[in-house]
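Structure first, then comments.
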Amino acid sequence: MTLRLTSEQIERYGRQIMIPDLGGKTQIRLLQGSVLVIGAGGLGSPAAFYLAAAGIGTLGLVDSDRVELSNLQRQILHSTEDIGRQKVQSAREKLHRLNPEVEIRVYPVRLGDDNASELIASYDFVIDGSDNFATKFLINDIAVSLGKPFSHAGIMRLQGQTMTVIPGKSACYRCLFNDPPAPGEILNCQQAGILGAVAGTIGSIQAAEAIKYFAGMEEELLVGRLLIYDAKTVEFRTVEVSRNPRCRACGKAQEESKATSIV
Ligand code: ZN
């Protein structure tokens, strides 16, 4: 399908169209593209806001929670008057107000074994904005098995981390952390705390990675390295992450069994 940008679109997206790495071609790809944002919380809020602002064609939002007062310090898609509403409904309203051109699909469900494959398969790129290890491993394993690119992220206190995964080409989340930690071994945001601005920084990086993916900037993506941001020391550092041949998600054995099943 060939699409021409309207004069209104050229005006709305002009400041990013004029970036040489992006241009009108990327804008058309964005308008035809789809991103699934899992979690409409601290990471999903900035990620979804910037993707909607940039003109992504279809944005899917998965979250089963309702807005609580304690969410508002970081989950900027939601406002005080939204307390008690479904997060995906509150999010849809804000995103539609920002850019009515974006098709927003909402899934007020918890991502699980029963729905993850179908949801993830329907989108071009996935943003992991989840807040627990079980979901992070589930997103990784399903996305890797479907060959779906995604952005991983995690945040706690004054620190955040993120990495982009291109299945078959770069290390996956399970190459980095073999297995989920035992329950209680690592604190989550609810127990440890999180600064909203840190979630904002990391979620914005995830949105930028998705946009770069649609721009075809594969070489420049945050793949094969984990970015760690420390707001306390104001340091960004990256740690190289190699593919683990014995990885249970993307390792050699998995690829071979996939090849056999195709034959
Ligand atoms: Zn792996």
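Assorted remarks:
- Out of Gly24, Gly14, one residue alone is over 21 Å from Arg97 (Cα atoms) and either without any contact (Cβ under 8 Å) to a residue 12 or more places away in the chain or not aliphatic (A, V, I, L, M) (or both). It is Gly24.
- Summed over segment 92-130, residues that are among the aromatic types (Phe, Trp, Tyr) and touching a helix residue (DSSP H, G or I) at 6+ places or on another chain (Cβ under 9 Å) total 2.
- Scope segment 10-69; condition surrounded by fewer than 17 Cβ atoms within 10 Å (Cβ to Cβ) and either at positive phi or among the hydrophobic types (A, V, I, L, M, F, W, C) (or both); matching residues: Ile10, Met18, Ile19, Gly23, Ala53, Leu69
- For segment 80-97, the condition of being within 14 Å of the chain's Cα centre (by Cα), closer than 22 Å to Ile202 by Cα and in contact (Cβ under 8 Å) with a residue 12 or more places away in the chain holds for none of the residues.
- Selected residue (criterion: farthest from the ligand (Cβ to nearest atom)) from residues of segment 218-238 that are touching a helix residue (DSSP H, G or I) at 6+ places or on another chain (Cβ under 7 Å) and of a type outside the set (A, V, I, L, M, F, W, C): Tyr229
- Within segment 175-195, if we keep just the residues that are over 17 Å from Asp128 (Cα atoms) and assigned to a helix (DSSP H, G or I), the residue that is modelled with the highest pLDDT turns out to be Ala192.
- Unmet requirement for Arg157, which otherwise passes all of (1) surrounded by 15 or more Cβ atoms within 10 Å (Cβ to Cβ); (2) among the charged types (D, E, K, R); (3) within 16 Å of the ligand (Cβ to nearest atom); (4) over 16 Å from the mean Cα position of the chain (by Cα): (3)
- Every condition in (1) under 30 Å from Asn71 (Cα atoms); (2) modelled with pLDDT of 95 or more; (3) not hydroxyl-bearing (Ser, Thr, Tyr) is met by Val241 except one, and the failing one is (1).
- When each of Val144, Val241 is tested for being crowded, with 18+ Cβ neighbours inside 10 Å, closer than 26 Å to Thr26 by Cα, within 16 Å of the ligand (Cβ to nearest atom) and touching a residue at least 12 places away in the same chain (Cβ under 8 Å), the lone residue that passes is Val144.
- Scoring Cys172 on the criteria (1) over 15 Å from the mean Cα position of the chain (by Cα); (2) crowded, with 17+ Cβ neighbours inside 10 Å; (3) closer than 18 Å to Phe133 by Cβ leaves a single failure, condition (1).
- Total residues in segment 115-138, condition in contact (Cβ under 8 Å) with a residue 24 or more places away in the chain, over 18 Å from Gln75 (Cα atoms) and more than 10 Å from the chain's Cα centre (by Cα): 14
For (1) part of a helix (DSSP H, G or I); (2) within 16 Å of the ligand (Cβ to nearest atom); (3) under 23 Å from Ala52 (Cα atoms); (4) at pLDDT below 95, each residue gets a yes or a no:
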{"position": "Pro167", "(1), (2), (3), (4)": "no, yes, no, no"}
{"position": "Ser170", "(1), (2), (3), (4)": "no, yes, no, no"}
{"position": "Ala210", "(1), (2), (3), (4)": "yes, no, yes, no"}
{"position": "Gly216", "(1), (2), (3), (4)": "no, no, yes, no"}
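The values are calculated or read from the model by the stated rules, or taken from the named source; none is laboratory data. Predicted model only: the values in this text are computed from it and were never measured. Counting neighbours? That spans all protein chains shown, and the Cβs are built from the backbone with ideal geometry, glycine included.
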